Amino acid sequence: MPRALALPALAVEAIARGDQLFVVAEAPPADDEPFWLVPASTDPPTSDLSRSWIGEEPVDRSIRCRCTPHDVLPLTADLAAALAPLGIWNVDALRALAGSAIVVVRAGVTMDGAPADTQAASGSWQETDPAPAQEDLIPAHTDEAFELHRARVLAAAR
């Protein structure tokens, strides 16, 4: 069975659109293998969201992203402050997740997802069955755009 990471549907959609380039996981992915993103059973409260994301609603909870990890960084309070403008969470919400892993990912997107596991907590790894088909995945970024956005995330970590 393929591995999946549960994230708020808003984060999955932001990654699918190419607006966010990193995931927050309790632990880094095993063996740097590609994994799927699935919507978590609950979304963060509005108080945890960046101002730029307040008011946005996920369009479709069946969206899935196949992610290839590129960089893994430990989430610290300082990194949380630097990354907050680049994702859905505000500084306080990211700081509360300190100790987690930030994983910079390159995503391919499909809308052929199965309903989310109602027990999936945000940031948790789980097995997903079945995995969406990998053919016809739509890349979230061109090669050039991915490298440009990746450089912004890595610069924030310095």
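The values are calculated or read from the model by the stated rules, or taken from the named source; none is laboratory data. If you're wondering where the values come from, they're calculated on a predicted model, not measured in any experiment. FYI the Cβ positions are ideal-geometry reconstructions off the backbone, even for glycines, and counts take in every protein chain you see.
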**Message:** Kindly evaluate SER52 against the criterion of being surrounded by fewer than 20 Cβ atoms within 10 Å (Cβ to Cβ), over 23 Å from ARG152 (Cα atoms) and either modelled with pLDDT of 90 or more or of a type in the set (Ser, Thr, Tyr) (or both).
**Reply:** no
**Item:** Sole residue being part of a loop (DSSP other than H, G, I, E, B) and either surrounded by fewer than 19 Cβ atoms within 10 Å (Cβ to Cβ) or modelled with pLDDT under 90 (or both), chosen from PRO85, PRO58
**Value:** PRO58
**Asked** What tally of residues in segment 61-82 results from selecting those that are out of contact with any strand residue (DSSP E or B) (no Cβ under 6 Å at 6 or more places or on another chain) and at pLDDT below 90?
**Response** 2
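Does ASP117 satisfy the condition of being acidic (Asp, Glu), surrounded by fewer than 20 Cβ atoms within 10 Å (Cβ to Cβ) and modelled with pLDDT under 90?
yes
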**For PHE22: the one exception among (1) crowded, with 23+ Cβ neighbours inside 10 Å; (2) under 23 Å from ARG158 (Cβ atoms); (3) in contact with a Ser or Thr (Cβ under 6 Å, 6 or more places away or on another chain)** = (3)
**Message:** Here's a check for you: in segment 64-82, which residue that is out of contact with any Gly (no Cβ under 9 Å at 6 or more places or on another chain) and hydrophobic (A, V, I, L, M, F, W, C) is surrounded by the fewest Cβ atoms within 10 Å (Cβ to Cβ)?
**Reply:** ALA77
**Prompt:** Can you name every residue in segment 30-55 that is more than 18 Å from ASP129 (Cα to Cα) and either assigned to a strand (DSSP E or B) or within 14 Å of the chain's Cα centre (by Cα) (or both)?
**Reply:** ASP43, PRO44, LEU49
**Complete:** The lone condition ALA107 fails out of (1) at pLDDT 90 or above; (2) assigned to a loop (DSSP other than H, G, I, E, B); (3) small (Gly, Ala, Ser) is (2)
**Asked** Can you pull out the residues in segment 1-51 that are without any contact (Cβ under 8 Å) to a residue 24 or more places away in the chain, among the charged types (D, E, K, R) and at negative phi?
**Response** ASP19
